[in-house]
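The values are calculated or read from the model by the stated rules, or taken from the named source; none is laboratory data. Everything quoted here is computed from the prediction, not taken from an experiment. Neighbour counts run over all protein chains shown; Cβ positions are idealised from the backbone, glycine included. For the accessible areas, the whole protein counts, side chains as well, though only heavy atoms, and no ligand, DNA or RNA atoms are used. Shrake-Rupley method; radii C 1.70, N 1.55, O 1.52, S 1.80 Å.
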Amino acid sequence: MDSMMEQPADEHRENYRGAKAMPFVIGNETFEKLGSTGTLSNLLVYLTTVFHMKSITATTLVNIFNGTTNIATLLGAFLCDTYFGRYKTLAFASIASFLGMVVIALTAAISKLHPPRCARGTQDTAACPAITPWQMTFLLSGLGLLVIGGGGIRPCNLAFGADQFNPQTESGRKGITSFFNWYYFTFSFAMMISLTVVVYVQSDINWAWGLAIPAFLMFCSCVLFFAGSRIYVKVKPDGSPLTSVVQVIVAAVKKRKLELPEQPWLSLFNHIPARSINSNLPYTDQFRFLDKAAILTTEDQIMSNGSTATPWRLCSLQQVEEVKCLLRVIPIWASALLYYIGLIQQQTYVVFQALQSNRGLGNTNFKIPAASYAIFSMLGLTIWIPIYDRLIVPWLAKYTKKEGGITILQKMGVGMALGIVTMLISGMVEERRRALAISSPVGVDSRSNVNISSLSALWLAPQLILIGISEAFTIIAQIELYYKQFPENMRSIGGSLSFVGVAVSSYLSGFLISMVHQITKRSACGDWLPEDLSKGRLDLFYYLVAALGVVNMGYFIVCAKWYKYKGNGGATTTLEIGENLMFKRN
């Protein structure tokens, strides 16, 4: 492994640079998250209050921004693994994120970069000064820089930290475990600060100062990151891992007319390079059309070391099985798309529900910022993880005889089921909020002229806590699935796949919201998603998302039954639904 390092570890440094580098990496992570987390919810508030955008317009823009940032991680992971390496990718992305935050802060600090305030007494957002093309261009340039930064930082963060330790030694393995523990601790700490202190300054004191804080913290992140540059272990890129995938597909197409042998695991060409970092895979009978890429013909040439001289006509069985691993993951990945739509609603429309609810804290005059309610989902996630890991998993393991209690796909199934329950609870809470806003409001919002429901916004906490627990199952299981099921030389790309799923779901969410808005506003029952939620039926929209989740759950069960784990040619996973959700491994 040392031959792959620009700064290899010497014989006296068993754990590479880990112990020395971890404070720099962890500190960089903390400041970066303080500067960037919790922005989606407050970005909605910022766009509607400072730029006078309608809630539909602001929600669509935030969905596009979130989706583009996440889908950019795939490009970032590819460029990282193929050309630049993780250090250079993180360095460039960190600078881009800092510049993006500076641009966004300037839109609030400089009056010419945002529309003038609404005239005193103006209640209709549409009557307020509109954003100019120049102001929109400057705003989008800042968001574009944040997209570039997020596309490089997100797929490389964890992997770069793990690179600092030697996984071949006991101390190195312990160091990796310690790093992950501290990583998630700083994530929780940063989220709590960002969703409370930073959001309060932004929405209740001054937007310019509130947006300058993340920019300053991102600057600290960059300084700390570059301060540790001399002691980092920097893994060199090992060429494009996608080339082998394309070669298998091209070779299979070229040999599509050939017949497969009766015992392909014995007859197909299967040269494995001595220096390959990928684990050897057994033959599986799925996607058999790809096996044709490994059929040896008279036109194919073999080199003296046993490898193929015509890689675009002949591929090894190992290469074919690696491509099968990727293809088997795709249906599982697709099943998470509708799940993420429900998750996105808890980050967007919950903000508008909070704005139109009683946000007062007890008998005090203090009002909890609407964007800060997202902290409940984070609390649900962080509190549940240790309970699940330390108490529930050991108990389950006694009965299932599995190290993790249940399998990866079973975890995803539980999370998806909880997501459906979350949307049902969300619909019921919105029904009650809307009824009290009509019958017994506590006041009228001076800016939007909508009734404020007497229902406490804290009633949004149960659904947010539940979606946090749902995330602890589904998203962590997804990350684990991609890491373990992808070939070793494609793990950065595998790590970006969950972000790409969020990206696609963001676009689907925006499309679904726009479609429901356009269809229902022409119907007899009226628009489900108007500016004043009390005049709409957001509860029915939540029930619609829950129904889509039920359909998606059925699709996931079929995919999980068909799925075969990497390295297990005969193993499949089946799910059975009885009185309780039960899982069984064949």
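So here's what we get for this one:
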item: Lysines whose Cα lies under 24 Å from that of LYS112, excluding same-chain neighbours fewer than 8 positions away; result: LYS54
item: Neighbour net charge for LYS324 - beta-carbon separation under 11 angstrom, K R +1, D E -1; result: 0
item: Highest-first arrangement of 284-297, 94-107, 511-524, where packing means the average Cβ count within 10 Å; result: 94-107, 284-297, 511-524
item: Full-stretch length increase - VAL393, SER439 - with 0.36 nm per residue and alpha-carbon distance subtracted; result: 11.9 nm
item: Radius of gyration and Dmax over the Cα atoms of region 491-556, both given in Å; result: 15.3, 51
item: Taking all pairs of distinct alpha-carbon atoms in region 202-288, Kirkwood radius in angstrom; result: 19.3 Å
item: Accessible area of THR60 in the full protein assembly, 1.4 Å probe (Å², nearest 10); result: 40 Å²
item: Gained length - GLU488 relative to ILE249, 0.36 nm times residue gap less alpha-carbon distance; result: 84.1 nm
item: Region 498-538 - percent of accessible surface contributed by carbon and sulfur, probe 1.4 Å; result: 67 percent
item: Among 50-58, 416-424, 433-441, the order from most to least packed when residues are scored by Cβ within 10 Å on average; result: 416-424, 50-58, 433-441
item: Those residues of region 284-322 whose amide nitrogen sits under 18 Å from the label point placed on ARG256, 7 Å along Cα→Cβ; result: 287-295, 312-315
item: Rh by Kirkwood over Cα pairs, then Stokes-Einstein D for region 419-485 at 1.567 mPa s and 4 °C, µm²/s; result: 92 µm²/s
item: Length added when fully stretched, TRP312-LEU296, from 0.36 nm per residue minus Cα-Cα; result: 4.5 nm
item: Accessible solvent surface per residue of region 341-435, calculated while the other protein chains remain in place, 1.4 angstrom probe, Å²; result: 44 Å²
item: Sorted largest first, extent of region 331-429 alpha carbons per principal axis (Å); result: 54, 32, 20
item: Reduced Cα scattering model of region 323-366, Debye log10 I(q)/I(0), q = 0.29 Å⁻¹; result: -0.94
item: Cα-based convex hull, region 439-551, per residue volume (Å³, whole number); result: 153 Å³
item: Descending principal axes extents, region 275-372, alpha-carbon based, whole Å; result: 84, 28, 22
item: Assigned charges on the beta-carbon of Lys, Arg, Asp, Glu; region 252-389 dipole about Cα centre (debye); result: 440 debye
item: Solvent-accessible surface ranking, highest first, for LYS324, LYS564, LYS401 at 1.4 angstrom; result: LYS401, LYS564, LYS324
item: Total formal charge among the other residues, if their Cβ is under 15 angstrom from that of SER372, Lys/Arg +1 and Asp/Glu -1; result: +1
